[in-house]
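Read through the structure below, which is laid out as structure tokens, and then see the notes.
The values are calculated or read from the model by the stated rules, or taken from the named source; none is laboratory data. Predicted model only: the values in this text are computed from it and were never measured. As a convention, Cβ positions derive from the backbone with ideal geometry for all residues, glycine included, and neighbour counts pool all protein chains shown. Remember, those area values only see protein heavy atoms, side chains included, never the ligands or the DNA or RNA. Shrake-Rupley method; radii C 1.70, N 1.55, O 1.52, S 1.80 Å.
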Amino acid sequence: MILVEPEYVSMSKWPGTARPGQLPPGPGWRTWGMVGDRGAGKSHAIIQLISSAIFNPSALRVRVGLVAPARVLPFTLDAIARESPESLRSIRCQTGIQTGIEVQRNGCSVTAFEAEQGPSAIRGHSFSLGVALDVDVWPEPTALELWDALRFATRVGDAQLVWCASTYSGHPTVEALQRQAAADCHLTVLTGGA
């Protein structure tokens with residue numbers, strides 16, 4: 001099971017330096033969108049939180065599905081790997097669109113997908129945590145389908161959470177997230193990165 005309550009995040013140094021909008025909201029939500037201007041620290045916060053989740057000594061089999069544009073995916077995976085203790089680090093790369101990080105000791109993993117590949121790349125996978133980075137530049141017309149595929153694939157464990165980071169934009173996926181938050185503010189929470 002993956003937790004995002006204070007005891008979950010407190011395993012890293014990150015909460016002490018994070019701004020309030022960069023930390024997950026209180027309990028009870030299923031989708032958290034961090035929406036803010038460029039440079040607000042959205043991607044950095046997501047990297048720190050993923051690292052806290054998979055390198056937490058008490059985490060078992062946390063399976064993260066990460067979708068991001070191809071231009072940021074290698075940097076994101078590298079930043080997550082750099083957060084790991086050497087004894088836990090094992091980077092597994094596969095050919096094609098899938099790359100990932102596997103933490104051998106506790107069975108946690110991050111499987112990454114390029115947003116440009118569309119929803120078919122993610123179908124058939126199951127995650128306990130879905131992460132969507134730079135949603136505002138996901139290619140249309142498949143961006144909404146990809147968002148739905150990530151949400152559907154996030155179905156393992158008790159918590160089944162989706163984190164999203166994006167700038168404010170008129171992108172259909174960001175607008176869908178805003179509508180979802182307006183319709184059910186308890187299950188979908190939006191915060192600012194700054």
Rounded percent of accessible protein surface that carbon and sulfur make up, the range 105-194, 1.4 Å probe
53 percent
So, R0 is 22 Å and r is the distance between the beta-carbons of F75 and C185; what FRET efficiency does that work out to, to 0.05?
0.10
Measuring from the lowest to the highest alpha carbon on each principal axis, how far does the range 101-185 reach, largest first, in angstroms?
42, 29, 21
